[in-house]
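Asker: Have a look at this one.
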Amino acid sequence: MNNKTIFLLRGLLFLAGGIFLMLSSESLTDLFLQVIGLLILLSGWMRAWAAWPNRSLPQGKTALWRSLSDALIGLSLLLFPQWLSSFLSIILALWLLFNAISTFSMAFRWRRAAQAAWRAKMTTALLMTFLALLLLSHPDFILSSITFFIGLAMALFGAWSTWQWYRARENGWG
């Protein structure tokens, strides 16, 4: 499986999972948390797999650290959904902030080389930052409608990842 396929699968997986969560009932929160944990764990594994050949480069190291954070958060949600549900806003906000910082960093590296990609990455990083701040500032409101907001974050991440695959395919990246 090549990197393009990994981006497409990850994007579609998050997009489908996000839409499912936005449309689902809140009564299944523990199951949703476990599904989210599994998706985040799989995302971390896919990112690590894609980054491993570039582990000696700065971008590869960053991607490996991101994959480790994804794996730890995903595994925690998968194994301890009830205990972690009270901390979900903070955990998800930290995950979004970590990914936003990494995306901002990547955007600034691409600023001169690819204007369209730079704008898309900046927009994505700003959206992730906004969602993270929303999670931190209104945890009770967010927890009462957790499936919708997690689904929204996942759908946005999935749409971005799928768009990234499309742009890579269009530019002949392999």
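The values are calculated or read from the model by the stated rules, or taken from the named source; none is laboratory data. The structure presented is a predicted model; accordingly, all values stated were derived computationally and were not measured. Cβ sites come from the backbone with ideal geometry, for glycine too, and all protein chains shown count toward neighbours.
Asker: Which number in (1) modelled with pLDDT under 75; (2) out of contact with any Leu (no Cβ under 9 Å at 6 or more places or on another chain) marks the one condition that S85 misses?
Answerer: Checking S85 against (1) modelled with pLDDT under 75; (2) out of contact with any Leu (no Cβ under 9 Å at 6 or more places or on another chain), the one that fails is (2).
Asker: Also: Which of the residues that make up the stretch 142-161 are modelled with pLDDT under 85 and within 17 Å of R119 (Cβ to Cβ)?
Answerer: If the condition is that a residue be modelled with pLDDT under 85 and within 17 Å of R119 (Cβ to Cβ), then S161 is the only one that fits.
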